[in-house]
Each structure stands twice: as structure tokens, then as C-alpha cells.
Amino acid sequence: MVRKLNLLIFILLGASIALASILTLKQLPQVGLTELLNSQTNNVKILLWQNYTLPRIVMAILAGLGLAVATVILQQLTKNNLASDSTLAVSSGAQLAIVIATVFFPSFLIFGVSFIAFAGALAALMLVLVLSMRKNTNHIIVILSGMVVSLYLGALSAVFILIFPEETRSVVIWAAGSLIQDSWLDSRNLLLGLTVLLALVLLFAKSFNMLSLDDASAKRLGVPVLRIRIIGLIIAAFIVGLIVARVGMLGFIGLISTAIVRNLGARTFKQVLFYAAVVSALLLLVTDLLLQLVDFYYQMQIPTGAVTSIIGTPVLLYIMFTDKARTTKVSQESKGYRKEGGIKTYITLISLCLIALLLNLSFRNDFSYTIFELRIPRILLEIGAAIILAISGLVLQRISNNPLASPELLGITSGVNLGLMATLLLFSGASLTALWLGGTLGAFFVLAIVMLLSVKSGLQPEKVLMVGISITALYDAAQRIFIATNDFRAYTLLSLTSGTTYNASLDSALILLIVAIVAFIVIYLLNKIFILISLHTPMATELGLNIFKTRLFFILLVAIILTCVTLNIGSIMFVGLIAPHAAKFLGFYKPRPQLVVSILIAILLMLVADLLAKNIIYPYEIPVGLVATILGGIYFAYLVRKI
Amino acid sequence: MQKIFLVILTLLFCQFSHAQRIATVDWTVAETLLALGINPVGVGDVNSYNVWVKEPKINANLTADLGTRLQPNLEVIAKLDVDLFINSPMYASITPKLEEFAPVQLVNFTAENDIWAQVLNSTHEIAKLAQVENTANNYIATSQRELADLKEKIALDKGKKIAVVQFADSKNFRLYAKNSIVGAVLDHLGLENVHNQPGNLWGFINLTIDKLADFPADTQLVVVKPYPADVPAKLALNSLWNYLPLKENVIILPETWTFGGLPSAMRFARLLVEGLNGESGKW
């Protein structure tokens, strides 16, 4: 078995040497070997080769190696083959920290980039683990948490990039993952850092190995489980921080290599660690050399990190589908019984909504007709969106029995965004109608893929969500490449997709509101089906429920109403996720009450977000979707601890 | 009799006080209006205008801040009672929104080829819309005379090429091409641009730092602010940078709006000549 791995390494090594030689020959025609290594050379081309090409090769090797080691450690600590620097939001955390530092404390960057990145990486990792480590959890939930946090941190980065486009100009290039070097400085420092960290890893290798056992056995064998876990997390976060600080996010490379290596037969912790590190280093090197050659022949600079992200997405999908470990289903109502919510809560919520509505209408209003004309469509749009998001979240959570199911993970939003991006790229001065058409086509395209890939399992919701996550990750990478080209249209795309009601018209708002109300009525009437579907599948089928048709119907319904929302507003995260949870938290468990209360909570959230979005930096506006995401995210972190 | 006198006076007064209330989100349009003596009633993103464009100065008492350029605050616009919007293709997506308040005229300051003619044309168009054509003619004539004067003052060796760049970070930079106002100014000042072909639609090309080695050894490098704070430090540690002869006398220019119109072009020209004659800033 291990022979296959050695063969792979041999092939990769051969490929890298071949590509490196080709590149060198192209860059330096007719140069002898001794001249090549002359450090006192006066030939510019040789100087370039020594100080740009060589360090870049070393950096690729080191980055690949480091990310693989971090990934393997994370996988060992979480006992989850899907864990990695990308899926646990570690890289996103590092990046956000650097974005914030770039905008507000630029002088810090000269000295402590690595530490800032490390702080961000560790914070994000802690957040994900706190959110997902509960008694009855399975691998997918951990990854869902990781991706949700990753999306959230990405949204925060987007706010900063949108509001400070000039200050963040340098960040967006690096954020797409670029291995370009201009001296030996970065690679030398990384080598030093990695050497220390790798030494630590080897020191603790035995203890990490022991974590393969369950906690009780490990403790009995004398392993200080908690301490080792913490040390492992810190080491992993530090490695990722060091690397991200220098080359940006190289998405999924750790995950890809560990997947390949496990598939080809590596079993023990040490085996996986060693082979993943080597394969990752060589794979990244080969990819980067290929991209350098593309740049040489076609003058196209494609960021390496984005390429690995795009390749990594299908790999992520593949691993998720073949993941053998299936732990118990998460039980829903196990955390004790709360008092059933009553009339008082309804009244409080409705009053709060009305107050928010009044504030929104009257703040900074000289009560002229025009102001009302401007505000009412936007408010109606927000209410319609809130209803739809609450319904989508509730439906998805109920049919998948998964509390972390949320509309944004279904992939539809990303489908619309992909359609918008394609339209902007193909038609420079695209009109609003053209964009709508493009977005809808994108949504259907993605929906088709989601269906295709999960129809075999009977549209098992877990599978559907997995495909959705992958597509979201794919769009994230594509968007990053687009922004890195510094094309003005990229900023147009950002402002279109960031959740703004700016383009609201009374017609579109009313249509959306009607769609929302119709959806509400449909779901309200399908009460019985929801009660049935939360039973176990065999029982439900015996009671006359056609599982496949039911799932198909609901997924299609949610997809359609989500497309309407995304086309009108762009992406709004967390609202669909937390509204149903908050409803349960307030004591409304049964489908119908939960539906109504989720909607009220979602409306309240959107109206408050709108008030803040329009007035915090008046006359500049923050997209309301972004504010809702941030508010929702905070509430999410608070809620999850109570679930 | 007195009544008739009063009526005539009022009518005359109305004619004189009918200055058009013009608003724009585009900085190039705004700077052109200001240079022609018109104070727009609203400009997009005034905060950033004051950082990146700087002159002509916006009078905060007369000009309202419209907010983000791609999403100007419609309530502010509603209160401003605008007569005319002048917009550019870069912000064409908001034209339908603006049309609900006042007519919108489009003016374009970018070109794939003859950028100078395009800039002058657009300046005339704006002048016509603001009903100040004479001022425009005077302004253009004065500017061209000033360019000719500046050309005399330059003390640069013949044959030396100039590279005007802006650093995005320590490894990537923009090089301004023939079809930017930078390129046009270099042309008028009799200086040779190291990249004498058109760039992208906005007049530049993106390069990585190793491409600096492709420039002729005696190229005069002109760096336009802003650049990220860590660029000077990183460049000092860069072996290629230390090897290049052109690093010896780099000229650093203060912030200039390199996608602007005539006012920005003139600002760039003045700052460039000052820099070439030895009065440049340091990293």
C-alpha cells in the first residue's frame, strides 16, 4: 500500500524537477551551471532567478509542508478527516486579522504580521471548536460550523474592503494566495519558524498519536488529553498564521494532500503526517511552477491560492461523500424543557417589530412624500426577505434534522452570485434586467448540480448541504480571483451581492412580499408533513409520506424563494439560520408557532439592521445584509451555547 | 409705475440668480466643475476625494457629501433639489436611480487612444452643460500655456525614459500607459513614457516587481502616492531593487488622481516638474 505513495512522490518529484528546469531554461537561456550559482553576478536575469524564482520554489515547498502538517494535526485533534485550515476557518481568521490591521493599524504590519495572523487564526479556530464540539455531533456538523464561521469572517472582510477600497488594495491581491517572492527574507523566516514548530510537532508526535484512542483510554495511558489538544491547536494555528501572513490563503491544499494520502493507503498518524507533508509540498510546487509557466507564455497572472481552492472544492465534495464515519443523529429537544411560549412573547415581538418599523420610517425624516417614497420599498423588501429567509431556514432545518442547516449553505445564493459574476464579465455595461437573468440562470445551474449529485441518495439533506457548502467555497475562491484583478467591475459585484436594498423599487418589493406571503401560507398549511418528517424515515414512510417527493418539493420551494431574495438583495447570512433557533429558544417548538415566531424575529432583526446600516456612517450606507449578518452572527454565537 | 419697476427688477434678478444646481458622483466631473468655477451641490464620497484628489478643493459649506459613489444617498439627493446630474460610464449603473430626481447627462473621460482630445472634449461638454463655455475656453487655453511653460523648465537628459508607477504592495505595481492622463502629460511635456502603448481602459497595466528589470537602466522612476506603509522597508530588503540603478533617484509625488481630467492632469504636471527639478518627497 505504501508503495503507491512512494510512486506518487516519485512522480511528483520528477514533475517538479522537470518543470523547474523548463522554467529556468526559459528564463535564462544559455547560462552555465557555475554562473547560475554565482552570488556576485551582474547579470540581471540570473539575479532575478536567484532572488525570485528560487525563493518562490522554496516558499511553495515550505507552505505546502506547513499547511499539510497543520491539517493533519487538526484532523487528529478533531478525529475528523474533513478538518483542515480551510474548513475550520483558520485561514479566514488569519486573513481578517490582517485586513483589520491593514486598515486601522498599518504600522503594525511592518513588525508583527505573523503575530496578528496567528491571533486571528487561533481566535477563529477556537470559535469553530466551541460552536461544534457538543455531545452528539458528527463530522459534517463540525465542517458546517467551520464553513459558517469562514463565511462570516469573509463577510466581515468584505465590509472592510467595500468601505476602504484604497487602503485594502494591497490586501486583495495577497488575499487570493500569491507565492510571489522578491527576496530570500520571507522564505528564510518561514524556514526558521517552521523548523521550530516542526520540532515541537515531532516532540509531541507520540501524544498526538495517542489521541486516536477515545479520551478515557488515552487518559488512562497517561496522556494529558486537554493539554495536548490545546498545544496541538496552538501549534496548528501558529503554522497557519506564519504561512498566511506571507502568502495569503492557499485554500484546501492541506485537505487535498491528506485526502490523497489516506486514499493511497497511509494509516497511522506518523505515516499520514510524513506523506501528506511531502505530497502537499510537491503538489503546491508543481501547481505554482505550472502557473509560472502560464504567466511566461500567456502573460496571465493567476493567483495560486485561488487555483488550489477551485481544485479543492471537488475534492472536498468527494471526501464528504465517501466519509465512512457516521455518528448518531443530533437529537433535537434533548436539552431540558423550556416553558412553552405564550401570548406575552407574541405581543412583545410584534410590538418590538412595530417600534422598529416606526423608527425606520421616522428617523431623519422631514416627512416629505419623497422620503417616504424612497424608504417604503426598501422596508417592504427587507420584510419580504426576512419572511423568506426565516421560512427557508426553518424548512431546511426541519427536513434535514440538522440545526446548522441554513439557506446560505444550500448553494443557491452562490449560484446567483456566480451568474451575476459571469454576466458582469461577459457584458461590461450590463443592465439590471440582464443581471437578473444571469443570476437566475446561475441559480438553476447550481440547483441542477445539487440535485444531480444528491438524487442517488434520495436527496438526503446532509448530502444536499455538502454540495451546497462546496459550491459556496467555490464561489468564494472565484470571487477572490476576480477582486484580485483590481477590475472595477469586481467592486460592482461586491456591492451587488453584499446584501443591499439600494435598488429596491415599489414593484419588486411588492412582488417579493407577495412571494413571501404565498410561501408562508403554503408552509403553514403543510403543518402535518413537518410533524411527520421529524420522525425517523422508516416510520414516516409507513405513515404515508413519500420522502423523496417531499424533500424534492421543499428543496425546490426554498430554492425558488431564495433566488428571489438574492436577486433583489444579495446574500444575507445567519438570519435564516438563527431565526428558527431563537424561536425555539423562546419556547415555540411546534411547526406553526415556530414558523410565525421565526418570521417575527427575522423581521425585527432586519429592521434593526436597516436602522444601523443607514445611520451609523451617514451619509454613507453599509449594505443592510452585511449588518444583518454581523448582528446575526453575534446572536448565533450566543444562541449556540444554549442549544 | 413702482409696481412695474418692481416686476422688471424681480425678473432680471431671477435671470441672474438662475445658477444650475449640478451634482455628480464622479470625482473627475467634480474637479472639472470646480476648476470651471462651479460649485456642485453634491459630490460622491467627499471624504475620499479630499484624500486622493485634493485639488481643486471642495467647499464643504456649498457642496454636500452624497455618500458612497456607487450608492449615493438618495435621501440627501432628494433634499438637494438638483437640476442636473453629470455621470460617467464607470457609475452608469446608478443612472436610472438618479433619473428619478433630475436629468442625467453622461460624460466620458477614458479612451483607448487619444486621451487628451477626449479630456478636452469632455471638459467642453461639461462647460456647455453648466453654461460656462467661455470659462472653459479660457481655462483650457491657460492650461496649455502652462504646460508649454513647464516644458521649458524641465531639466532632464534627452533620451531618458520616464516610468510613472503606483505601488499596490511591495511586489505589484501599476504602470501608467499612453492612454492615461499621465501618458498625455508626459507627451505634452516632451518626455518619453517607458510604456508608450495603450494600457487597459483606465490607462494602466499591472506588473510584478521583477518587470522593473526590463526597463532601460537610466529610466527615471516616478512613484505616485499612496503606497502601503511597508513598501519602502520591503523594497530596501529586496535584492533586485538594490541592484537596479534606477533606484538611486526615485521621485515621489504626493497623491494625484491619475484617472482625472484637466485639473488632475495639471496637478500631475506641476508636481512632476517640481520633482524632476529636485523638489521631490522621500519614501
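The values are calculated or read from the model by the stated rules, or taken from the named source; none is laboratory data. Keep in mind that this is a model prediction, so the values were computed, not measured. In this analysis, Cβ positions are derived from the backbone assuming ideal geometry, glycine residues included, and neighbour counts consider all displayed protein chains.
Residues that are under 15 Å from B:PHE204 (Cβ atoms): find the strands (runs of 3 or more DSSP E) completely inside segment B:81-189 holding 1 or more of those.
Of the strands (runs of 3 or more DSSP E) lying wholly inside segment B:81-189, those with at least 1 residues that are under 15 Å from B:PHE204 (Cβ atoms) span B:161-169, B:172-176.
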So in segment A:200-212, with the set limited to residues that are among the aliphatic types (A, V, I, L, M) and part of a helix (DSSP H, G or I), which one is surrounded by the most Cβ atoms within 10 Å (Cβ to Cβ)? A:VAL201
Please give the number of the condition B:ASN134 fails out of (1) out of contact with any Gly (no Cβ under 6 Å at 6 or more places or on another chain); (2) surrounded by 14 or more Cβ atoms within 10 Å (Cβ to Cβ). (2)
Go through segment B:34-68 and give me each residue that's more than 13 Å from chain A (Cβ to nearest Cβ), of a type in the set (A, V, I, L, M) and closer than 12 Å to B:SER264 by Cα. B:LEU34, B:ALA35
Residue under question is A:ILE547, and the condition is that it be closer than 19 Å to A:LEU453 by Cα and in contact (Cβ under 8 Å) with a residue 12 or more places away in the chain; does it hold? yes
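Being crowded, with 21+ Cβ neighbours inside 10 Å and assigned to a loop (DSSP other than H, G, I, E, B) is true for just one of A:ASN402, A:ASN417, A:ASN365. Which residue is that?
Working: A:ASN417 fails: assigned to a loop (DSSP other than H, G, I, E, B); A:ASN365 fails: crowded, with 21+ Cβ neighbours inside 10 Å.
Just one listed residue meets the conditions, A:ASN402.
Restricting to segment B:43-55, give me the number of residues that are assigned to a loop (DSSP other than H, G, I, E, B), surrounded by 19 or more Cβ atoms within 10 Å (Cβ to Cβ) and not β-branched (Val, Ile, Thr). Break it down into steps so the answer makes sense when it comes.
Initial filter on segment B:43-55 (assigned to a loop (DSSP other than H, G, I, E, B)): B:44-45, B:53-55.
Retained after the next criterion (residues that are surrounded by 19 or more Cβ atoms within 10 Å (Cβ to Cβ)): B:44-45, B:53.
After this cut, where a residue has to be not β-branched (Val, Ile, Thr) as well, the list is B:44-45.
Going through segment B:43-55 one residue at a time, the tally reaches 2.
Restricting attention to segment A:59-81, report how many residues are in a helix (DSSP H, G or I) and either surrounded by fewer than 19 Cβ atoms within 10 Å (Cβ to Cβ) or within 14 Å of chain B (Cβ to nearest Cβ) (or both). Walk me through it before giving the result.
Filtering segment A:59-81 for residues in a helix (DSSP H, G or I) gives A:59-78.
Going one step further and asking which of them are either surrounded by fewer than 19 Cβ atoms within 10 Å (Cβ to Cβ) or within 14 Å of chain B (Cβ to nearest Cβ) (or both), we end up with A:59.
Residues in segment A:59-81 being in a helix (DSSP H, G or I) and either surrounded by fewer than 19 Cβ atoms within 10 Å (Cβ to Cβ) or within 14 Å of chain B (Cβ to nearest Cβ) (or both): 1 in total.
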Any residue that is at pLDDT 85 or above, touching an Asp or Glu at 6+ places or on another chain (Cβ under 6 Å) and of a type in the set (A, V, I, L, M) - is there at least one of those in segment A:226-241? yes
Taking segment A:528-545 as the region of interest, how many residues are among the polar types (S, T, N, Q) and more than 33 Å from the chain's Cα centre (by Cα)? 1
Scanning segment B:235-266 for residues that are in contact (Cβ under 8 Å) with a residue 40 or more places away in the chain, within 13 Å of another protein chain (Cβ to nearest Cβ) and out of contact with any strand residue (DSSP E or B) (no Cβ under 8 Å at 6 or more places or on another chain) gives B:LEU235, B:ASN238, B:TRP257, B:PHE259
For segment A:487-528, which residues satisfy the criterion of being acidic (Asp, Glu) and over 30 Å from A:ARG169 (Cβ atoms)? A:ASP507
Could you check B:GLU255 against (1) acidic (Asp, Glu); (2) assigned to a helix (DSSP H, G or I); (3) modelled with pLDDT of 85 or more and say which number it fails? (2)
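Filter segment A:162-218 down to the residues that are among the basic types (Lys, Arg) and in contact (Cβ under 8 Å) with a residue 12 or more places away in the chain and list them by number.
Taking segment A:162-218 as the starting set, the residues that turn out to be among the basic types (Lys, Arg) are A:169, A:188, A:206.
Result: A:ARG169, single match.
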Given the condition small (Gly, Ala, Ser), at pLDDT below 80 and not in a helix (DSSP H, G or I), answer yes or no: does some residue in segment A:422-429 qualify? yes
Restricting to segment A:455-477, name every residue that is assigned to a helix (DSSP H, G or I) and of a type in the set (Val, Ile, Thr). A:VAL464, A:VAL467, A:ILE469, A:ILE471, A:THR472
Enumeration of residues in segment B:70-88 that are at the interface with another protein chain (Cβ under 7 Å from one of its Cβ atoms) and either in contact (Cβ under 8 Å) with a residue 12 or more places away in the chain or not polar (S, T, N, Q) (or both): B:LEU70, B:GLN71, B:LEU74, B:GLU75, B:VAL76, B:ALA78
Tally of residues being more than 9 Å from chain A (Cβ to nearest Cβ), surrounded by 15 or more Cβ atoms within 10 Å (Cβ to Cβ) and within 15 Å of B:LYS171 (Cα to Cα) across segment B:201-234: 5
Exactly one of (1) under 25 Å from A:LEU191 (Cα atoms); (2) modelled with pLDDT under 90; (3) crowded, with 19+ Cβ neighbours inside 10 Å is unmet by A:ALA266. Its number? (1)
Quick check, is A:ILE379 in contact with an Asp or Glu (Cβ under 9 Å, 6 or more places away or on another chain) and among the aliphatic types (A, V, I, L, M)? yes
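Go through segment A:478-533 and tell me which helices (runs of 4 or more DSSP H), entirely inside it, have 1 or more residues that are within 14 Å of chain B (Cβ to nearest Cβ), among the aliphatic types (A, V, I, L, M) and buried (at least 17 other Cβ atoms within 10 Å of the Cβ). It would help to see each step written out before you state the result.
Details: elements: A:488-497, A:506-525, A:527-533.
Because the criterion is at least 1 residues that are within 14 Å of chain B (Cβ to nearest Cβ), among the aliphatic types (A, V, I, L, M) and buried (at least 17 other Cβ atoms within 10 Å of the Cβ), the helices (runs of 4 or more DSSP H) in segment A:478-533 that meet it are A:488-497.
Considering only residues of segment B:95-104 that are within 24 Å of the chain's Cα centre (by Cα) and farther than 17 Å from A:GLU373 by Cβ, which is nearest to the other protein chains (Cβ to nearest Cβ)?
Residues of segment B:95-104 that are within 24 Å of the chain's Cα centre (by Cα), as a first pass: B:95, B:98, B:104.
Filter once more, so that each one left must be farther than 17 Å from A:GLU373 by Cβ: B:95, B:104.
Values: B:THR95: 10, B:VAL104: 15 Å.
Looking at the filtered set, the residue picked out is B:THR95.
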Would you be able to say whether some residue in segment B:176-195 is modelled with pLDDT under 90 and small (Gly, Ala, Ser)? yes
Of the residues that sit in segment A:182-199 and are of a type in the set (S, T, N, Q) and more than 8 Å from chain B (Cβ to nearest Cβ), which one is surrounded by the fewest Cβ atoms within 10 Å (Cβ to Cβ)? A:THR195
Filter segment A:167-180 for residues that are facing another protein chain (nearest Cβ under 8 Å) and among the polar types (S, T, N, Q); which is nearest to A:ALA245 (Cα to Cα)? A:SER178
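Does A:LEU605 qualify as being surrounded by fewer than 17 Cβ atoms within 10 Å (Cβ to Cβ) and under 24 Å from A:GLY154 (Cα atoms)? Break it down stepwise before answering.
Working: surrounded by fewer than 17 Cβ atoms within 10 Å (Cβ to Cβ): no; under 24 Å from A:GLY154 (Cα atoms): yes.
No, not satisfied.
Which ones in segment A:440-454 are among the aliphatic types (A, V, I, L, M) and either over 24 Å from A:SER86 (Cβ atoms) or not in a helix (DSSP H, G or I) (or both)?
First, the residues of segment A:440-454 that are among the aliphatic types (A, V, I, L, M): A:441, A:443, A:446-453.
Result: A:LEU441, A:ALA443, A:LEU447, A:ALA448, A:MET451, A:LEU452.
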